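Report on the structure given below.
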Amino acid sequence: NPYSVLGIEKTATDDEVKKAYRRLAMKFLPDKVEGLGEEVKKNAEQQFREINEAYETIKKQRGIA
């Protein structure tokens, strides 16, 4: 469920969707964890991919530009 990936409800506004995406994207940005080891970096990359996929799915469903 893309909404659970972003930690929001389906009733969230488009603005709330964008804010949740930005917050999570910054948290799991692979460049931010560069010096914390390979395992941490791989986890961050996976999380970042999932966050991006969830956001893209919601954008398509809602017609967000």
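The values are calculated or read from the model by the stated rules, or taken from the named source; none is laboratory data. A quick note: this is a predicted structure, and the numbers were derived from the prediction, not measured. Virtual Cβ from ideal backbone geometry, glycine too; neighbours counted across all protein chains shown. What goes into the accessible areas is simple: the full protein's heavy atoms, side chains included, and nothing from ligands, DNA or RNA. Shrake-Rupley method; radii C 1.70, N 1.55, O 1.52, S 1.80 Å.
Worth a mention:
- Any hit, the stretch 8-19, residues being surrounded by 15 or more Cβ atoms within 10 Å (Cβ to Cβ), touching a helix residue (DSSP H, G or I) at 6+ places or on another chain (Cβ under 8 Å) and not in a helix (DSSP H, G or I): yes
- Among residues of the stretch 37-58, those that are without any contact (Cβ under 8 Å) to a residue 24 or more places away in the chain and surrounded by 13 or more Cβ atoms within 10 Å (Cβ to Cβ), counted: 8
- Selection count where residues are more than 14 Å from Pro2 (Cβ to Cβ) and at pLDDT 95 or above, scope the stretch 12-29: 5
- Hits in the stretch 20-31 - residues which are farther than 24 Å from Arg62 by Cβ and open to solvent by 100 Å² or more (accessible area, probe 1.4 Å): Asp31
- Filter result for Glu34 (surrounded by 13 or more Cβ atoms within 10 Å (Cβ to Cβ) and not aliphatic (A, V, I, L, M)): no
- Of everything in the stretch 43-65 that is outside any helix (DSSP H, G or I) and of a type in the set (A, V, I, L, M, F, W, C), the residue that is modelled with the highest pLDDT is Ile64.
- In the set Val5, Val40, only one residue is at pLDDT 95 or above, of a type in the set (Val, Ile, Thr) and in a helix (DSSP H, G or I); that residue is Val5.
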